[in-house]
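Read through the structure below, which is laid out as structure tokens, and then see the notes.
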Amino acid sequence: MAARRVFALMGPTASGKTNAALAVADRGHFDLVSVDSAMVYRRMDIGTAKPSPEILAQYPHAVVDVIEPTESYSAARFVADADAAVVQAFSADRTPLLVGGTMLYFKAFKHGLSTLPAADHAIRRRIATQAAEVGWPALHARLARRDARAAAHIDPNNGQRIQRALEVLEITGRSITEAWSEPVPGATERLDCELVEVAVVPDRATLHKSIACRVDAMLARGLVAEVAALRDDPALTADLPSMRAVGYRQVWRHLDGEYGRQEMVERIRAATRQLAKRQLTWLRRWPGLAWAADGDAAANLIAAEAALR
């Protein structure tokens, strides 16, 4: 077994992961790596629950504030960024601790990603135009004729996945299922390490109370003003991935006048609970995961495990 270890601290939103990670960092030589698809964006601080500048100065996090909200970020780029942070930690004789709630990123880091071509925006626009003319089910039927296996796993109305499968066919001439079936190196092979995974999973009542408190705190800190400032950027639109993040989407629509403040608050709370539910579904299916009822217990688990070597 590899002597080097990477720790992963997972959990649903508002479960106390960040405080647990800081507690772990206080007990040893750990380098923190954020696994959060919203914290990658600059200028999005309040709604992402990003640690304060003071905390980030004392406890630096890799993969935070790496792009503008007008840009796109992918699981493939996350793996590259996280791998670089892990290698840097190992070279400094420190222990990497990945912390966050974007389960797709954790999965990509752990299992690796198939080698697929980068997006071709011209091809994507052409496919989107065709979808607008004939509908996504018709394009799904076209995909089924060329790649029945991929089509069988894609909903006929899931435009994003249909578009990607057709795009790969056009760029490479190969089925996307061929790339899916090719073996790819996981984290243990890529980084010559052992992966130790811990999840903070509070009971449902505690989690929902924490979510409500977090939403109230974000609004009190100025979430609406943060989104209003972002809207002043002419390059930023509501359909960008950054503005589809929980909290930002609901505030944007409130500022558009679609609904009042109280409905906005309820929508943010509901969307955050739904996000937590999806994260918990991932965690329940995650093999080899150590569970902790709160952040203190999770920090103790990681510190104890780290002290074994």
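Computed over protein heavy atoms with a 1.4 Å probe, the accessible surface of segment 167-309 works out to 53 Å² per residue.
Think of the chain as having a plus end and a minus end, set by charges on the Cβ of Lys, Arg, Asp and Glu; of ALA108, HIS140, PRO69, HIS140 sits farthest toward the positive end of this dipole.
Placing unit charges on the Cβ atoms only, positive for Lys and Arg and negative for Asp and Glu, gives the chain a dipole magnitude near 840 debye about its Cα centre.
Cα-based count: Lys pairs in the chain below 18 Å, eight or more positions apart or different chains? Close lysine pairs under the 18 Å cut-off: 6. Taken along the Cα-to-beta-carbon direction at a fixed 7 Å, the label points for LEU255 and ASP120 span 3.7 nm. Sorted largest first, the principal axis extents computed over the alpha-carbon atoms of the chain equal 58, 53, 34 Å. Annotation note: chymotrypsin sites (Phe, Trp or Tyr not before Pro) in segment 178-265 located in DSSP loop regions with a Cβ neighbour count of at most 13 within 10 Å are TYR259. Principal axis analysis of the Cα atoms in segment 126-262 yields extents of 52, 49, 30 Å, listed in decreasing size.
Normalised by the number of residues in the chain, the mean separation of alpha-carbon contacts (under 8 Å, six or more apart) gives a relative contact order of 29 percent.
Could you pull out every residue, at least 5 positions away or on a different chain, whose amide H is within less than 5 Å of the one on VAL6? Hs are placed 1.01 Å off N in the peptide plane, and Pro or chain starts have none. HN-HN under 5 Å from VAL6: GLU194, LEU195, VAL196. Kyte-Doolittle cut-off -1.0, length cut-off 27 Å along the helix's own axis using Cα: show which whole DSSP H helices in the chain pass. Qualifying helices: 261-284. Between segment 4-37 and segment 46-76, what is the C-alpha centre distance in whole Å? Each part reduced to its Cα centre gives a spacing of 14 Å. Among TRP286, TRP136, the order of accessible area from largest down is TRP136, TRP286, computed with a 1.4 Å probe on protein heavy atoms. What separates the Cα centres of segment 169-188 and segment 199-261 is a distance of 36 Å.
LEU104 to ALA304: extension gain in nm, 0.36 nm per residue of separation minus the Cα-Cα distance? This chain segment gains 69.3 nm when fully extended. Modelled this way, with points 7 Å down the Cα-to-C-beta line, the labels at VAL134 and SER74 are 2.6 nm from one another.
The values are calculated or read from the model by the stated rules, or taken from the named source; none is laboratory data. As the structure is a computational prediction, the values presented were derived from the model and not from experiment. Virtual Cβ from ideal backbone geometry, glycine too; neighbours counted across all protein chains shown. Side chains included, ligands, DNA and RNA excluded: accessible areas come from the protein's heavy atoms. Shrake-Rupley method; radii C 1.70, N 1.55, O 1.52, S 1.80 Å.
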